[in-house]
Amino acid sequence: MNQFMVSKTRIAPTPSGFLHLGNIFSFSLTAGLANELGASILLRIDDLDTTRVRTAYLEDIFETLHFMGIPWDEGPLNTVDFNENWTQLKRLSVYEENLKIIEESDLVFACNCSRKVLNETNTFIYPGTCIKKNLPLDAPGVCWRWKHKLSEEIKMNDLATGETLHMRPALQHHFVVRKRDGIPSYQLASVLDDSLFNVNMIVRGADLCESTLIQLQIAQKLQLKTFDKTVFFHHPLISDENGQKLSKSAGSTSISYLRKEGLKSETIFELISAELHLKTKVKNWYDLYQQWKKENSPLFFPNNSKKSN
Ligand SMILES: [Zn+2]
């Protein structure tokens, strides 16, 4: 799996909920891969959606990373440092510049569909209602949506399988690029940030695979060269007893809850091992990565396994 040269990865939590077991699993894989491949780790906190961000959640990120021993090399040291130097609000001019390029390149159309109208379509697929309306992009209260259909096949550098072609995400035509309030969408801000910080390996849950494909399309149109070469690893998610992915509101799986219950970080790593059905219980991120990889190779790291033919 060392066919890709990677130098920097990132952990990118959003302070809109308490970090949970699933986040720690993801961060452990990120730290493990960074360690194995010689990449540094950037802590990048996505706080652009100010309606969902809470100070308590921001504090929780630092407390939990320290408590669980998750390392990072670059990025904010604490909430004060974050607010002074690293908040996404500091990069609004970068987002604005790129929104300007997007506007001038005729990549978007304005949409004034209300939430009610969108909900009535009873599907997550935007039906393209506003394309023909030709609303001005600077009209009040409109969002900007991606004009073109996504490419049929999108090339992704996959850490596990090498360069692979993915079918376009069916549900994501005309995704939102700029929200009603003028703030860039997660998809745009995320890809711009990763590019700006020269991140070239992204480890994220399989639920974000569609986001990856969308972001690759944005990067291509904006000619963000570094993102083109970024290597991705999409890992399976830890699910709850009902088979649902863990949510940020799930109190009993949040690290902050478990910590207040008196659990040590070692015990929480043992819990994660149990959730993942690992044969050996581990006590830290390093062992979690090693053990998970051992049990999941060659499924996720086929290049590392011996060929049987
Ligand atoms: Zn619309």
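The values are calculated or read from the model by the stated rules, or taken from the named source; none is laboratory data. Quick caveat: nothing in here was measured; it's all calculated off a predicted structure. When we count neighbours, we look across all protein chains shown, and the Cβ atoms used for this are built from the backbone with ideal geometry, even at glycine.
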For this session: List every residue pair whose Cβ atoms lie under 9 Å apart, where the two residues are 6 or more positions apart in sequence or sit on different chains, the first residue falls within segment 263-281 and is among the acidic types (Asp, Glu), and the second residue, located anywhere, is assigned to a helix (DSSP H, G or I).
Result: Glu275/Leu21; Glu275/Gly22; Glu275/Phe25; Glu275/Thr253
Exercise. Counting only residues that are at pLDDT below 95, under 17 Å from Ser26 (Cβ atoms) and assigned to a helix (DSSP H, G or I), how many does segment 242-255 have?
Worked result: 1
Seminar exercise, completed: Of the conditions (1) part of a loop (DSSP other than H, G, I, E, B); (2) modelled with pLDDT under 95; (3) not aromatic (Phe, Trp, Tyr), the single one that Pro76 does not satisfy is (2)
Exercise. Considering only residues of segment 258-309 that are part of a helix (DSSP H, G or I) and among the polar types (S, T, N, Q), which is modelled with the lowest pLDDT?
Worked result: Asn304
For this session: Determine if segment 93-115 includes at least one residue that is small (Gly, Ala, Ser), buried (at least 18 other Cβ atoms within 10 Å of the Cβ) and part of a strand (DSSP E or B).
Result: yes
Exercise. Taking the condition within 16 Å of the ligand (Cβ to nearest atom) and either at pLDDT 95 or above or of a type in the set (Ser, Thr, Tyr) (or both), does Ser114 pass?
Worked result: yes
Seminar exercise, completed: Residues of segment 250-272 being among the polar types (S, T, N, Q) and either within 14 Å of Phe67 (Cα to Cα) or in contact with a helix residue (DSSP H, G or I) (Cβ under 7 Å, 6 or more places away or on another chain) (or both), in sequence order, are Thr253, Ser254, Ser256, Ser265, Thr267
Seminar exercise, completed: The correct count of residues that are modelled with pLDDT of 85 or more and either loosely packed, with under 12 Cβ neighbours inside 10 Å or among the aliphatic types (A, V, I, L, M) (or both) in segment 121-153 is 11
Problem set entry | Restricting segment 78-92 to residues that are touching a helix residue (DSSP H, G or I) at 6+ places or on another chain (Cβ under 9 Å) and of a type in the set (S, T, N, Q), the residue that is surrounded by the most Cβ atoms within 10 Å (Cβ to Cβ) | Gln88
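For every residue, the table says whether it meets (1) within 13 Å of the ligand (Cβ to nearest atom); (2) within 30 Å of His173 (Cβ to Cβ); (3) within 19 Å of the chain's Cα centre (by Cα).
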site	(1), (2), (3)
Leu43	no, no, yes
Leu48	no, yes, yes
Asn119	yes, yes, no
Gly128	yes, yes, no
Seminar exercise, completed: If we ask which residues in segment 191-209 are touching a Lys or Arg at 6+ places or on another chain (Cβ under 9 Å) and either under 18 Å from His148 (Cα atoms) or touching a residue at least 60 places away in the same chain (Cβ under 8 Å) (or both), their number turns out to be 12
